Amino acid sequence: MTDIDPAPDTLAVPGCPVNPDAVPLAGLEYQQTPSELYRSLRRRHGPVAPVLLDGDIPAWLVLGYTEVTYVTSHDDLFARDSRRWNQWHAIPADWPLLPYVGYQPSVLFAEGEEHRRRAGVITQALAGVDQFELARDCRQLAGRLIAGFAGSGRAELMSGYAHALPMRAAVRFCGMPDGSPETQGLVEDLRVSLDAAEGDDPVAAYTRVGERIHRLVREKRERPGPDVTSRMLTHPAGLTDEETVQDLISVIAAAQQPTANWIGNTLRLLLTDERFAVNVSGGRLSVGEALNEVLWLDTPTQNFIGRWAVHDTQLGGRQIRAGDCLVLGLAAANTDPQIWPEAHVGAENSAHLSFSNGEHRCPYPAPLLADVIARTAVETLLERLPDLVLEGEPGELTWRPSIWMRGLNDLPVLFTPVAP
């Protein structure tokens with residue numbers, strides 16, 4: 001990880017005082033029923049709520065759809081460079097959220113023309129991924145994964161399928177061997193850095209991720225190929241190796257963890273909601289509706305940290321001070337009663353914020369590639385195992401203990417065994 005020390009002038013900022021009504025972003029309610037907590041926060045605080053991050057660090061959680069859209073559309077007021085933060089004096093070196101907020105010279109923290117340069121490289125590199133070839137590759141990967149458990153009549157789909165497929169697809173289009181132990185280690189370290197469980201060391205995991213991607217970049221400098229990494233390195237913008245490493249980490253992380261949880265959350269919906277029970281088997285329309293409904297109601301990226309106020313300003317009736325941290329409540333915004341007054345989310349509507357919004361949204365065509373991976377994974381599984389059912393009761397499923405990502409711990413299923 002690169003140095004996360006704040007800029008010298010940031011050190012002089014006293015920082016926002018802790019609001020006595022601030023709510024910790026932690027606890028069992030976040031793990032199992034975050035939507036209820038969002039409703040409670042909205043009733044109590046309105047569209048912008050004072051919250052406490054790990055270690056009782058103060059921040060703002062932006063809950064309203066209009067407010068999240070405003071923040072993400074006004075980079076001049078709410079910017080991405082975390083060195084503006086007025087709380088760096090209170091952040092320890094082993095703070096678990098450092099992989100999220102520690103400044104790195106990547107596209108995630110770049111601003112203005114520099115961000116447009118870096119995002120343009122990613123956009124053109126991803127545009128070189130043929131979507132038909134990606135769908136074909138994903139069908140082949142899905143077939144091999146399914147063959148590994150098809151004969152047993154039961155499987156745990158999160159580790160054995162939902163996480164494995166996008167990982168293999170992502171490392172393949174970035175130019176890495178998808179079955180090597182080193183690649184498997186990379187994926188586990190990405191999981192830890194983005195969604196750490198108790199006992200994990202996200203800072204050390206992120207360091208190992210950077211080391212592996214550095215090796216990949218050196219390999220592709222010497223032997224370029226038809227892959228995303230090589231296209232980034234040969235782009236006319238002339239990214240340095242360090243810039244390419246940082247931006248590749250963003251690409252791979254976005255392609256793997258959120259897409260895996262999108263697959264898992266969609267399978268859960270299809271297997272537990274009676275609206276899909278009649279025509280789920282091979283029902284492509286139902287799969288498409290389920291994928292989009294999940295982005296509204298169970299979006300993989302629940303909260304994103306964050307934006308930092310450039311000046312003192314007002315937002316949602318709150319006084320935001322320069323340097324304050326804002327957490328984007330994407331899941332809360334997607335279910336804002338101001339846009340769904342009768343609590344009915346129209347699954348056919350795609351105006352959700354699951355890929356964020358504004359200049360820093362997930363760069364095109366990344367959402368399309370994620371859709372190809374997720375849709376192919378779900379459809380292929382249902383086609384190969386048409387009588388797939390949940391093992392146990394829906395209420396027995398548990399969610400990972402994360403306020404950032406929404407994904408199941410496991411998804412056990414039963415089906416008629418078939419020859420691999």
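For PHE78, the residues 5 or more places off, or on other chains, whose built amide H falls under 5 Å of its own are VAL310.
Dipole magnitude for the chain: computed about the Cα centre from +1 point charges on Lys and Arg Cβ and -1 point charges on Asp and Glu Cβ, it is near 640 debye.
How would ASP324, ASP201, ASP178 line up by accessible area, probe 1.4 Å, largest first? Don't skip to the end; give the middle numbers.
On the way: ASP324 0, ASP201 85, ASP178 35 Å².
Per-residue accessible area, sorted high to low, gives ASP201, ASP178, ASP324.
Averaged per residue, the chain has 42 square angstrom of accessible surface, using a 1.4 angstrom probe with ligands and nucleic acids left out. For the chain, what's the relative contact order in percent, using C-alpha pairs closer than 8 Å and at least 6 residues apart? This gives 26 percent for the chain.
For region 182-242, what does the alpha-carbon gyration tensor say about shape, rounded, prolate or oblate, given a ≥ b ≥ c as the root eigenvalues, a/c under 1.5 as rounded, and a/b over b/c as prolate? Mind showing how you got there, number by number?
Values: a/c = 2.97, a/b = 2.46, b/c = 1.21.
It comes out prolate by the Cα gyration axes.
When all protein chains stay in place and ligands, DNA and RNA are ignored, the 1.4 Å accessible-area order of VAL129, VAL418, largest first, is VAL418, VAL129. Across region 56-67, rounded Karplus estimates of 3J(HN,Hα) from the backbone phi angles (6.51 cos²θ - 1.76 cosθ + 1.60, θ = phi - 60°) give 6, 7, x, 7, 10, 9, 8, 9, x, 4, 4, 5 Hz, Gly and Pro being marked x.
Summarising the amide proton neighbourhood of LEU315: residues at separation of 5 or more, or on other chains, whose placed amide H is nearer than 5 Å comprise ILE320.
Near the amide H of VAL23, within less than 5 Å, lie the amide hydrogens of VAL51, LEU52, all on another chain or at least 5 residues away, with H placed in the peptide plane.
Cα-based values for region 303-420, radius of gyration first and Dmax second, are 19.6, 64 Å. Taking a ≥ b ≥ c as the square roots of the Cα gyration tensor eigenvalues, region 123-221 comes out oblate, since a/c reaches at least 1.5 and a/b does not exceed b/c. Please name which of LEU52, VAL62, TRP85 has its Cα lying farthest along the dipole of region 16-109 towards the positive end, using unit charges on Cβ (Lys, Arg +1; Asp, Glu -1) and the Cα centre as origin. It is VAL62, whose Cα lies furthest towards the positive end. Just so you know, the Rg over Rh for the chain is 0.96, from Cα atoms, with Rh as the Kirkwood radius. In order along region 353-367, phi translates into HN-Hα couplings of 10, 5, 9, 6, 7, x, 5, 9, 5, 4, x, 4, x, 4, x Hz, rounded to whole numbers, per the Karplus curve 6.51 cos²θ - 1.76 cosθ + 1.60 with θ = phi - 60° and x for Gly and Pro.
The longest part of the chain holding none of the exposed loop GluC sites (Glu not before Pro), meaning those outside H, G, I, E and B in DSSP with at most 12 other Cβ atoms within 10 Å, is 1-197. The share of accessible area on region 124-274 that comes from carbon and sulfur is 51 percent, using a 1.4 angstrom probe.
With a ≥ b ≥ c the root eigenvalues of the C-alpha gyration tensor of region 93-139, is it rounded (a/c under 1.5), prolate (a/b larger than b/c) or oblate? Please list the in-between numbers first.
On the way: a/c = 5.96, a/b = 1.62, b/c = 3.67.
Note, shape of region 93-139 comes out oblate.
The values are calculated or read from the model by the stated rules, or taken from the named source; none is laboratory data. If you're wondering where the values come from, they're calculated on a predicted model, not measured in any experiment. Cβ coordinates were reconstructed from backbone atoms using ideal geometry, including for glycine residues, and neighbour counts include every protein chain displayed. Just so you know, the surface numbers come from the protein's heavy atoms only, side chains and all, with ligands and any DNA or RNA stripped out. Shrake-Rupley method; radii C 1.70, N 1.55, O 1.52, S 1.80 Å.
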